[in-house]
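K.L.:
The structure's right below; bear with me while I get my questions together.
The values are calculated or read from the model by the stated rules, or taken from the named source; none is laboratory data. Note that the structure is a prediction, hence the values are computed from the model and not measured. Note that we place each Cβ from the backbone using ideal geometry, even for glycine, and neighbour counts take in every protein chain shown. For accessibility, only protein heavy atoms count, side chains too; no ligands or nucleic acids. Shrake-Rupley method; radii C 1.70, N 1.55, O 1.52, S 1.80 Å.
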Amino acid sequence: MATCGEQLVRLLEAYGVDFVFGIPGVHTVELYRGLSASRIRHVTPRHEQGAGFMADGYARASGKPGVCFVVTGPGMTNIMTAMGQAYADSVPMLVISSVNRTEQLGMGEGRLHELPSQSRTVSGVAAFSHTLLQPDQLSQVIARAFAIFSGARPRPVHIEIPIDVIAGTAKGAATVVRAIPKRPGPRPHEVERAARLLFEARTPIIILGGGAVDASEPVRSVVECLDAPVINTINAKGLLPPGHPLHGGENMAFEPIRRAIAAADVVLAVGTEFGETEMYPQPKDIQIVGTLIRIDIDPEQLVRSPAADLPIISDAGPALEAIGASIANLKLLDAKPAPVASVGINSPGAGRAAAIRTETMAFWWPAVFLHQKIGRLVNEVLPDAILVGDQTEPVYALNQCFEPTLPRSYFNSSTGYGTLGYALPAAIGAKLAAPHRPVVVLAGDGGLQFSIGELASAIEAKTPLVLLLWNNEGYGEIKTYMLERKIAPVGVDIFTPDFVTISHGFGWRASQPRSFVELAQALSAAAGALLPTLIELRADTPFLRY
Ligand SMILES: Cc1ncc(C[n+]2csc(CCOP(=O)(O)OP(=O)(O)O)c2C)c(N)n1
Ligand SMILES: [Mg+2]
């Protein structure tokens, strides 16, 4: 008879899981009994935080949940930061951990890896945390996790299994895969009302968030049918193709965008929480004067500020499809001129969007123009690249201006939880999800040192990444912040190692370009290489000064 651990692996396979990220320990070896004979590939990070970030990057690039196996206690606390990032950015992640034996739970006897109230500790960064007490209940609990991933707002889920339960056997049908629900669609009267409001609007504007990431076709048809300028959050980048004439911009802290939103008679916001981390460097409350229609999968979101006049609980895709069809009908019935078939640079919406874009550039700080040049070079040499960023100066800059060719192709940890050390391991996960696309890491010298051990994981996982390292020898952003506030810098001028030597030690290729021509050469050599490549951009090199 199969053990609970073996059945778990079979169940994960049945749900289409192809990777597990984890570090085994004596408490979890029984999770590995069935793994070697399965189709699931195990990827080992050098720290459980790396496992969580890998799962996050894999999930963002693929749309499928990332799955992790970690030990009780330290494994669990190590992965919680990554769960925090995934929770804040609505990323599906399944974390399966062990916990001490059933009869030891809650006893506080100082057992190995014992974390008192582990489930309660982790529940703040999970949709739910469940302790599996019976092997027979496994299939129901796993189904609950996948119901969240595909039927609700995606978030991390934690399942802990006592050591004795993992090794135990199930009597019943533990490997039954339950039918998993999809997210709901909108109600007809809401669709009609939204369509009428938008159809009658004279200055509509559309705000897109990460919740719309899988709805690029209906997004595009609604946007073009309304001829409405679009503001997108960082996680919604790529929903419109680069250079689309209705693209207005991203940073809702900038005055031209704020003015355009305040001047709109109808605002349609899809899958966004108007998060303050979208608004760099200074978050501000959004002022909405017109009618606000919000589409979101999370009902609580719809009553948060700015509160919707017309809240619609729905998956973004079906809601936009239905609203788009309804607007097209209204246009047919109406005596007004035919719908704008293709939006050109002369349409009124395109004119409004162009004005927002042009005026916004006046708010960019000097570094944006430099990093925009680097971003364009990346796009030229590595078309269709996925850019995975940390919290560092080039990322804040590219958040303002980078236009990826596809959705799910530009994400970083400057949004949401905002943790350092994310980019390298998340990029490993993204490369595993999209092995045929170039994956570019954007990390600072400080952030890279948080997870530098994952240089080894990239070699082991055979993920030939391109790591653009922005080396300004310290916590540059925080130093600037201190100086601006007249605080004498403390703790920000950190010792900086020789990254090229370190990369070679880990088996990476490495270079230090001295010009844009050398950078282009380095990028194209990296694209063809079998090994991962670190390209160190030393901020004090003359071609990078701004
Ligand atoms: C876990 C964590 N600790 C501290 C911070 C605060 N923090 C934000 S940016 C930053 C500096 C990062 O330095 P680096 O990666 O070199 O990027 P730079 O700002 O120099 O471009 C720090 C310390 C954070 N975001 N996350
Ligand atoms: Mg730095």
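K.L.:
Is it the case that residue 491 is in a loop (DSSP other than H, G, I, E, B), without any contact (Cβ under 8 Å) to a residue 40 or more places away in the chain, open to solvent by 40 Å² or more (accessible area, probe 1.4 Å) and within 16 Å of ligand 2 (Cβ to nearest atom)?
P.N.:
Numbers: in a loop (DSSP other than H, G, I, E, B): yes; without any contact (Cβ under 8 Å) to a residue 40 or more places away in the chain: yes; open to solvent by 40 Å² or more (accessible area, probe 1.4 Å): yes; within 16 Å of ligand 2 (Cβ to nearest atom): yes.
Taking the combined requirement at face value, the residue satisfies it.
K.L.:
Something else now. When you go through 108, 34 one by one, which is the residue that is open to solvent by 30 Å² or more (accessible area, probe 1.4 Å), at pLDDT below 95 and more than 20 Å from the chain's Cα centre (by Cα)?
P.N.:
Within the list 108, 34, the selection yields 108.
K.L.:
A further question on this structure: I'd like to know if region 513-524 contains one or more residues that are charged (D, E, K, R), more than 16 Å from ligand 2 (Cβ to nearest atom), open to solvent by 10 Å² or more (accessible area, probe 1.4 Å) and outside any loop (DSSP other than H, G, I, E, B).
P.N.:
Here is the first cut: in region 513-524, the ones charged (D, E, K, R) are 514, 518.
Checking which are more than 16 Å from ligand 2 (Cβ to nearest atom) leaves us with 514, 518.
In the following step, the residues that additionally are open to solvent by 10 Å² or more (accessible area, probe 1.4 Å) were identified as 514, 518.
Next, only the ones that are outside any loop (DSSP other than H, G, I, E, B) stay: 518.
For region 513-524, residues charged (D, E, K, R), more than 16 Å from ligand 2 (Cβ to nearest atom), open to solvent by 10 Å² or more (accessible area, probe 1.4 Å) and outside any loop (DSSP other than H, G, I, E, B): present.
K.L.:
Considering region 343-366 alone, what residues qualify as being within 25 Å of residue 468 (Cβ to Cβ) and open to solvent by 40 Å² or more (accessible area, probe 1.4 Å)?
P.N.:
Within region 343-366, 361, 363, 365, 366 qualify.
K.L.:
Filter region 463-472 down to residues that are within 8 Å of ligand 1 (Cβ to nearest atom) and open to solvent by 10 Å² or more (accessible area, probe 1.4 Å), then give me how many there are.
P.N.:
1
K.L.:
Here's a check for you: in region 132-182, which residue that is of a type in the set (Lys, Arg) and over 23 Å from residue 54 (Cα atoms) is modelled with the highest pLDDT?
P.N.:
That would be 182.
K.L.:
State whether the residues of region 150-161 include one that is in contact (Cβ under 8 Å) with a residue 24 or more places away in the chain, in a helix (DSSP H, G or I) and within 29 Å of the chain's Cα centre (by Cα).
P.N.:
Scanning region 150-161, I find at least one residue that is in contact (Cβ under 8 Å) with a residue 24 or more places away in the chain, in a helix (DSSP H, G or I) and within 29 Å of the chain's Cα centre (by Cα), so the answer is yes.
K.L.:
Quick one: which residue in 443, 434 is touching a residue at least 12 places away in the same chain (Cβ under 8 Å), among the hydrophobic types (A, V, I, L, M, F, W, C) and within 12 Å of ligand 1 (Cβ to nearest atom)?
P.N.:
Only one candidate qualifies: 443.
K.L.:
Additional query: For residue 369, state whether it is open to solvent by 10 Å² or more (accessible area, probe 1.4 Å), at pLDDT 95 or above, within 11 Å of ligand 1 (Cβ to nearest atom) and of a type in the set (A, V, I, L, M, F, W, C).
P.N.:
No, not satisfied.
K.L.:
Using the structure shown, decide if residue 89 is under 22 Å from residue 213 (Cβ atoms) and among the acidic types (Asp, Glu). Working first, answer last.
P.N.:
Numbers: under 22 Å from residue 213 (Cβ atoms): yes; among the acidic types (Asp, Glu): yes.
Judged against the criteria, residue 89 is a match.
K.L.:
Check whether at least one residue in region 378-387 is of a type in the set (Val, Ile, Thr) and at pLDDT below 95, and report yes or no.
P.N.:
No, region 378-387 contains no residue that is of a type in the set (Val, Ile, Thr) and at pLDDT below 95.
K.L.:
Identify all residues within region 196-222 that are within 17 Å of residue 292 (Cβ to Cβ) and part of a helix (DSSP H, G or I); write none if there are none.
P.N.:
Correct list: 196, 197, 198, 199, 200, 211, 212, 222.
K.L.:
Determine which member of the set 418, 429 is more than 16 Å from ligand 1 (Cβ to nearest atom), under 18 Å from the mean Cα position of the chain (by Cα) and not polar (S, T, N, Q).
P.N.:
429
K.L.:
Condition test on residue 502, is it more than 13 Å from ligand 2 (Cβ to nearest atom), assigned to a helix (DSSP H, G or I) and touching a Gly at 6+ places or on another chain (Cβ under 6 Å)?
P.N.:
The answer is no for residue 502.
K.L.:
Right, something else. Quick check: is even one residue across region 153-173 buried (at least 23 other Cβ atoms within 10 Å of the Cβ) and polar (S, T, N, Q)?
P.N.:
Looking through region 153-173, none of the residues is buried (at least 23 other Cβ atoms within 10 Å of the Cβ) and polar (S, T, N, Q).
K.L.:
Do you know which residues across region 113-129 are surrounded by 14 or more Cβ atoms within 10 Å (Cβ to Cβ), in a loop (DSSP other than H, G, I, E, B) and either in contact with a strand residue (DSSP E or B) (Cβ under 7 Å, 6 or more places away or on another chain) or of a type outside the set (Asp, Glu) (or both)?
P.N.:
113, 115, 126, 127, 128
K.L.:
For the condition of a type in the set (Ser, Thr, Tyr), touching an Asp or Glu at 6+ places or on another chain (Cβ under 9 Å) and part of a strand (DSSP E or B), what is the one hit in 90, 38, 97?
P.N.:
Sole residue among the options that is of a type in the set (Ser, Thr, Tyr), touching an Asp or Glu at 6+ places or on another chain (Cβ under 9 Å) and part of a strand (DSSP E or B): 97.
K.L.:
Within region 435-462, how many residues turn out to be away from ligand 2 (no atom under 16 Å from the Cβ) and surrounded by fewer than 20 Cβ atoms within 10 Å (Cβ to Cβ)?
P.N.:
Step one: list which residues in region 435-462 are away from ligand 2 (no atom under 16 Å from the Cβ), which gives 435-440, 453-462.
Right, trim to surrounded by fewer than 20 Cβ atoms within 10 Å (Cβ to Cβ) and you get 435-437, 453, 456, 459-460, 462.
The total comes to 8.
K.L.:
Mind checking whether some residue in region 535-546 is buried (at least 18 other Cβ atoms within 10 Å of the Cβ) and acidic (Asp, Glu)?
P.N.:
yes
K.L.:
Out of region 254-276, which residues are within 26 Å of residue 317 (Cβ to Cβ), under 25 Å from the mean Cα position of the chain (by Cα) and surrounded by fewer than 19 Cβ atoms within 10 Å (Cβ to Cβ)?
P.N.:
275
K.L.:
Would you check which residues across region 411-434 are away from ligand 2 (no atom under 16 Å from the Cβ) and open to solvent by less than 10 Å² (accessible area, probe 1.4 Å) and list them?
P.N.:
Let us first name the residues in region 411-434 that are away from ligand 2 (no atom under 16 Å from the Cβ), namely 411, 415-417, 425-434.
411, 415, 425, 426, 427, 428, 429, 430 - these are the residues of region 411-434 that are away from ligand 2 (no atom under 16 Å from the Cβ) and open to solvent by less than 10 Å² (accessible area, probe 1.4 Å).
K.L.:
If you go through region 53-65 one residue at a time, do you hit one that is basic (Lys, Arg) and open to solvent by less than 40 Å² (accessible area, probe 1.4 Å)?
P.N.:
Checked region 53-65: at least one residue is basic (Lys, Arg) and open to solvent by less than 40 Å² (accessible area, probe 1.4 Å).
K.L.:
Can you work out which of the residues in region 219-238 that are farther than 22 Å from residue 359 by Cα and open to solvent by less than 20 Å² (accessible area, probe 1.4 Å) is nearest to the chain's Cα centre (by Cα)?
P.N.:
The extreme case among them is 219.
K.L.:
Next question, about the same structure. Which members of region 286-300 meet the condition of being in contact with a helix residue (DSSP H, G or I) (Cβ under 9 Å, 6 or more places away or on another chain) and either under 19 Å from residue 233 (Cα atoms) or at pLDDT below 95 (or both)?
P.N.:
286, 287, 288, 293, 294, 295, 296, 297, 298
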